[in-house]
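The values are calculated or read from the model by the stated rules, or taken from the named source; none is laboratory data. Since the model is a prediction, treat every value here as computed from it, not as a measurement. All Cβ positions, even for glycine, are placed from backbone atoms using ideal geometry, and neighbour counts span all protein chains on display. These area figures cover heavy atoms from the full protein model, side chains too; ligands, DNA and RNA do not enter into them. Shrake-Rupley method; radii C 1.70, N 1.55, O 1.52, S 1.80 Å.
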Amino acid sequence: RVVLAGEYQKMLDTFRFQALGMIGAVVLIYFLIVALFRSYITPLVVLSAVPVGGVGVVLVLYATGTALNIQSLLGVIFMVGIVVSNTVLLIDFAENVRKTDRVSPTEAIRRAAAVRVRPVMMTALATFFALIPMSLGLARGSEANVPLGRAVLGGLVAGLVTTLLVVPCVYSLLVPNRFEPTPEPLPNA
């Protein structure tokens, strides 16, 4: 019987703690967003962008031949934060539109996407261009940070597409229409 120990066992423990930290972070984010929006459905809409961002991370790491390691898992945590903040920016504006104008979720998310597309794009593009040098690893000694940069880039691109295209669809499908449009008065005949 062969038992691997030493550094290998430490690496497995680190991955296990990293996974527990990721799960804990997602649960904490969920309950914070529940408190923010006072809804159990809206945080699910916000968190719907995270799995697609994870797919983007895996695709970029696979396409570049980069290993899944501690640095790339840290990149996943960074990606989750960026994608969730962009999605919250969009959903919060839609919720404010719904409350002030008393419109349907579909109309609210349509208005929010039209107004908030620029800040979401600016945040994503600034992060994207800032991480390109890190993901290339051209400087001496920067090879250790390459997986982190590539993981964030992949998740960021996938999360951006999800935030702007998928999340509005999920929002309009899942969020209940609590506010009925105010009917126009009938003309006197």
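The table below gives the values:
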read-out	value
Restricting segment 1-23 to residues that are among the β-branched types (V, I, T) and in a helix (DSSP H, G or I), the residue that is surrounded by the fewest Cβ atoms within 10 Å (Cβ to Cβ)	I23
Contacts under 7 angstrom Cβ, first residue in segment 92-120 being touching a residue at least 40 places away in the same chain (Cβ under 8 Å), partner open to solvent by 80 Å² or more (accessible area, probe 1.4 Å) and of a type in the set (S, T, Y), 6 or more apart	R102/T182
Scan of segment 157-169 for residues that are surrounded by fewer than 19 Cβ atoms within 10 Å (Cβ to Cβ) and under 21 Å from D101 (Cα atoms), ordered by number	C169
Candidate set from segment 24-54 (those that are outside any helix (DSSP H, G or I) and open to solvent by 40 Å² or more (accessible area, probe 1.4 Å)); member that is farthest from V83 (Cα to Cα)	R38
Residue count for segment 154-172, restricted to those that are of a type in the set (G, A, S) and within 20 Å of E107 (Cα to Cα)	1
Enumeration of residues in segment 55-79 that are small (G, A, S) and not in a helix (DSSP H, G or I)	G65, A67
Yes/no for G137 being open to solvent by less than 60 Å² (accessible area, probe 1.4 Å), within 24 Å of A19 (Cβ to Cβ) and at pLDDT below 90	no
Subset of segment 89-102 that is open to solvent by less than 20 Å² (accessible area, probe 1.4 Å) and among the aliphatic types (A, V, I, L, M) - its residue that is farthest from the chain's Cα centre (by Cα)	V97
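For every residue, the table says whether it meets (1) over 14 Å from T162 (Cα atoms); (2) acidic (D, E); (3) at pLDDT 90 or above.
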| position | (1), (2), (3) |
| --- | --- |
| G24 | yes, no, no |
| L61 | yes, no, yes |
| L68 | yes, no, no |
| G81 | yes, no, no |
| V88 | no, no, yes |
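To keep it simple, each residue is scored yes or no on (1) open to solvent by 30 Å² or more (accessible area, probe 1.4 Å); (2) of a type in the set (S, T, Y); (3) at negative phi.
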position	(1), (2), (3)
G56	no, no, yes
Y62	yes, yes, yes
T66	no, yes, yes
I82	yes, no, yes
T87	no, yes, yes
S104	yes, yes, yes
A108	no, no, yes
R118	yes, no, yes
M122	yes, no, yes
